[in-house]
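Asks: Quick one: this structure, given as structure tokens, is what I'll be asking you about.
The values are calculated or read from the model by the stated rules, or taken from the named source; none is laboratory data. Quick caveat, the model's predicted, so the values are computed rather than measured. Here Cβ is always computed from backbone atoms with ideal geometry, including for glycine, and neighbour counts include all displayed protein chains. All accessible areas refer to the heavy atoms of the entire protein, side chains included, with ligands and DNA or RNA removed. Shrake-Rupley method; radii C 1.70, N 1.55, O 1.52, S 1.80 Å.
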Amino acid sequence: MIKIAPSILSADFGKLAAEVAEIRAAGADYVHVDVMDGLFVPNISIGIPVVKSLRGETDMFLDVHLMIDRPHRYVGAFCDAGADLVCFHVEADEPQDLLAAIDEVKGRGKKVALAVKPRTPASVLLPYADKLDMALVMTVEPGFGGQSFMADQLPKIRGLRALLDQMNPGCDLEVDGGIDPNTAPLVVDAGANVLVAGSAVFGRADRSAAVEALRMASAVRPNYDV
Ligand code: DX5
Ligand code: ZN
């Protein structure tokens, strides 16, 4: 079962509640919330108060993607604000702090994920793989929506799925960056089952058609010429 997770980074923040209501009506599975601190990535987006406000507005699953330096400092606050899943980057913290952050999120009854940037090998996730609810492979350099999908990440997705199948078969595998109806079949074929899409959903006026197009594309065989 493929899950569609529209990224509100491409939404209109001036009417965020209405935007989220639209993707809920469109049948999206998760709300993907991109948190950027201007240090780990060269952009600043939104943080804890927005997660809290969203929690008050929707019953949708809040998939919070932290692109912040030393995330162990803040994972508890994001849990308390109402995140259902907190994902942070393996590159952003020391191993012992990553482990502590994983424990903190799980201790608060929330799901936990680790993310890898495009130039980080999936093998760095090995020490944590059995503790995760989800792993995230970035298919663009994190920081901005609307970038082109990096097809060179497909072998990594495939390899990570194989590794997870051995160590933690129930672990979800999310992809984020440049996912649209052309690239969705490629990542699904490689083993991804949670698809983040920013511009492919919020860049279209008809959000139901956008989510449906991703769902349909996820069910077809890939065309490797895209
Ligand atoms: C990038 C973010 C993504 C981004 C995806 O740093 O993590 O979630 O919003 O946007 P699209 O789908 O437009 O590439
Ligand atoms: Zn993201």
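Asks: When you check Ala129 against the structure, is it among the hydrophobic types (A, V, I, L, M, F, W, C), surrounded by fewer than 16 Cβ atoms within 10 Å (Cβ to Cβ) and either under 19 Å from Ile48 (Cα atoms) or at pLDDT 95 or above (or both), yes or no?
Replies: Judged against the criteria, Ala129 is not a match.
Yes/no per residue for (1) on the phi > 0 side of the Ramachandran plot; (2) touching a residue at least 12 places away in the same chain (Cβ under 8 Å); (3) more than 14 Å from ligand 2 (Cβ to nearest atom):
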{"residue": "Leu132", "(1), (2), (3)": "no, yes, yes"}
{"residue": "Val137", "(1), (2), (3)": "no, yes, no"}
{"residue": "Val140", "(1), (2), (3)": "no, yes, no"}
{"residue": "Arg161", "(1), (2), (3)": "no, yes, yes"}
{"residue": "Asp165", "(1), (2), (3)": "no, no, yes"}
{"residue": "Cys171", "(1), (2), (3)": "no, yes, yes"}
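Asks: Can you go through Ala192, Ala200 and tell me which one is within 14 Å of ligand 2 (Cβ to nearest atom), under 17 Å from the mean Cα position of the chain (by Cα), in a helix (DSSP H, G or I) and surrounded by 18 or more Cβ atoms within 10 Å (Cβ to Cβ)?
Replies: Ala200
Asks: Still on this model: Under the condition of being of a type in the set (S, T, N, Q) and within 30 Å of Asp130 (Cβ to Cβ), which residue from the range 173-211 is farthest from ligand 1 (Cβ to nearest atom)?
Replies: Top of the filtered list is Asn193.
Asks: For the range 142-158, give me each residue that is assigned to a helix (DSSP H, G or I) and either open to solvent by less than 40 Å² (accessible area, probe 1.4 Å) or within 16 Å of ligand 2 (Cβ to nearest atom) (or both).
Replies: Scanning the range 142-158 gives Gln153, Leu154, Lys156, Ile157.
For (1) modelled with pLDDT of 95 or more; (2) outside any strand (DSSP E or B); (3) open to solvent by less than 50 Å² (accessible area, probe 1.4 Å); (4) farther than 15 Å from Leu132 by Cα, each residue gets a yes or a no:
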| position | (1), (2), (3), (4) |
| --- | --- |
| Ile4 | yes, no, yes, yes |
| Leu9 | yes, yes, yes, yes |
| Ala18 | yes, yes, no, yes |
| Ile46 | yes, yes, yes, yes |
| Val51 | yes, yes, yes, yes |
| Phe88 | yes, no, yes, no |
| Glu91 | yes, yes, no, yes |
| Ala101 | yes, yes, yes, no |
| Val105 | yes, yes, yes, no |
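Asks: Counting only residues that are out of contact with any Pro (no Cβ under 9 Å at 6 or more places or on another chain) and among the charged types (D, E, K, R), which one in the range 115-135 is nearest to Asn193 (Cα to Cα)?
Replies: Going through the qualifying residues, I end up with Asp133.
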